[in-house]
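What follows is one structure encoded as structure tokens, with my remarks underneath.
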Amino acid sequence: MRLLHFPFSAPLLLSRAGLGGLRTMARNDVLSLLFLAIATSTTCTAQPSRVVYLVPVGTVEKGLLRELAQSLRDKLGVPSEVGEPVEISKAAFDQGHNQYNSTKVLQGLETTRPHICRGRVTLPLLLAVTEVDLFVPNLNFVFGEALPTKDMAIISLCRLRQEFYGKPADTTLLMERTVKEAVHELGHVRGMRHCSDPHCVMFFSNSLPDTDRKPDTFCKRCKGLLKDNVQE
Ligand SMILES: [Zn+2]
Ligand SMILES: [Zn+2]
């Protein structure tokens with residue numbers, strides 16, 4: 001199964017999203033369950049863990065990755081580590097698009113998984129982070145992609161940066177968008193689909209403004225689905 005964060009979709013109901021009214025503790029409870037389940041389902045674990053392993057693909061600012069890991073830990077209760085950078089698969093580059101095929105990037109990362117697993121007690125989940133622009137066939141670009149059956153996902157910072165649109169850099173906004181995209185793709189990894197509630201991180205983003213409107217938390221319905229998934 002492949003789930004994409006599409007840059008477009010059918011018309012969607014949009015409204016200004018707040019934080020969804022979820023208290024921090026409630027979010028932590030749900031997400032802790034979420035990633036405990038991910039950890040126990042991975043093939044290279046000997047015992048449960050809840051670590052999300054952030055893997056920079058190509059050159060990615062380490063400070064930004066550390067901040068993302070810290071955000072996942074502090075805001076969502078998800079233990080996260082920053083891994084060593086890996087080279088992006090040359091085979092993933094498409095000259096016609098002048099972009100990288102995100103599915104091929106993820107497939108290339110599969111080969112590094114055994115290396116990353118070596119000597120580690122567990123490796124629950126790989127979340128690749130890259131600066132390169134991603135696409136999949138028939139789509140101009142994607143913000144990210146998840147491969148739930150592989151317990152891995154990728155997000156691109158390229159189109160989350162204000163500079164991409166000719167605007168001044170905004171590190172705060174970049175981090176907010178990055179956390180949303182990370183949680184969104186991690187939700188896909190856990191089997192979540194897009195949600196029609198604009199006050200939910202699983203809301204389908206037509207464009208970057210959609211991402212900016214939604215929070216980095218799950219709606220009540222998705223929280224329930226996550227719990228159901230964990231209990232299955
Ligand atoms: Zn999505
Ligand atoms: Zn939802």
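Take the residues in segment 147-180 that are modelled with pLDDT under 95 and within 13 Å of ligand 1 (Cβ to nearest atom), then tell me which one is nearest to His97 (Cα to Cα). Once the filter is applied, the top-ranked residue is Leu147.
Close Cβ contacts (under 7 Å, 6 or more residues apart or on different chains) running from residues in segment 160-175 that are loosely packed, with under 12 Cβ neighbours inside 10 Å to residues that are part of a helix (DSSP H, G or I) comprise Pro168/Gln162; Ala169/Gln162; Ala169/Glu163.
In segment 200-232, the qualifying residues are those that are more than 8 Å from ligand 2 (Cβ to nearest atom), in contact (Cβ under 8 Å) with a residue 40 or more places away in the chain and not in a helix (DSSP H, G or I), and the one that is surrounded by the fewest Cβ atoms within 10 Å (Cβ to Cβ) is Ser207.
Looking across segment 127-154, the residues that are outside any strand (DSSP E or B) and closer than 12 Å to Leu106 by Cβ come down to Pro148, Thr149, Lys150, Asp151. Annotation note: Cβ proximity below 8 Å between a residue of segment 52-77 that is at positive phi and a residue that is surrounded by fewer than 20 Cβ atoms within 10 Å (Cβ to Cβ) and in a helix (DSSP H, G or I) (sequence gap 6+ or interchain) occurs for Gly77/Asn28; Gly77/Asp29; Gly77/Ser32.
Only a single item in (1) closer than 14 Å to Ile154 by Cα; (2) modelled with pLDDT of 95 or more; (3) part of a helix (DSSP H, G or I) is not met by Gln107, and it is number (2). Consider segment 121-144 and keep the residues that are within 11 Å of the chain's Cα centre (by Cα) and under 20 Å from Arg213 (Cα atoms). The one that is surrounded by the fewest Cβ atoms within 10 Å (Cβ to Cβ) is Gly144.
Can you tell me which residue is farthest from Leu139 (Cα to Cα) among those in segment 178-193 that are in a loop (DSSP other than H, G, I, E, B) and touching a residue at least 60 places away in the same chain (Cβ under 8 Å)?
Pass one, segment 178-193, residues in a loop (DSSP other than H, G, I, E, B): 190-193.
Right, trim to touching a residue at least 60 places away in the same chain (Cβ under 8 Å) and you get 190, 193.
Numbers: Arg190: 24, Arg193: 19 Å.
Here the residue is Arg190.
The values are calculated or read from the model by the stated rules, or taken from the named source; none is laboratory data. This is a predicted model, so every value here is computed, not measured. Ideal geometry is used to build each Cβ from the backbone, glycine not excepted, and the neighbour counts take in all protein chains shown.
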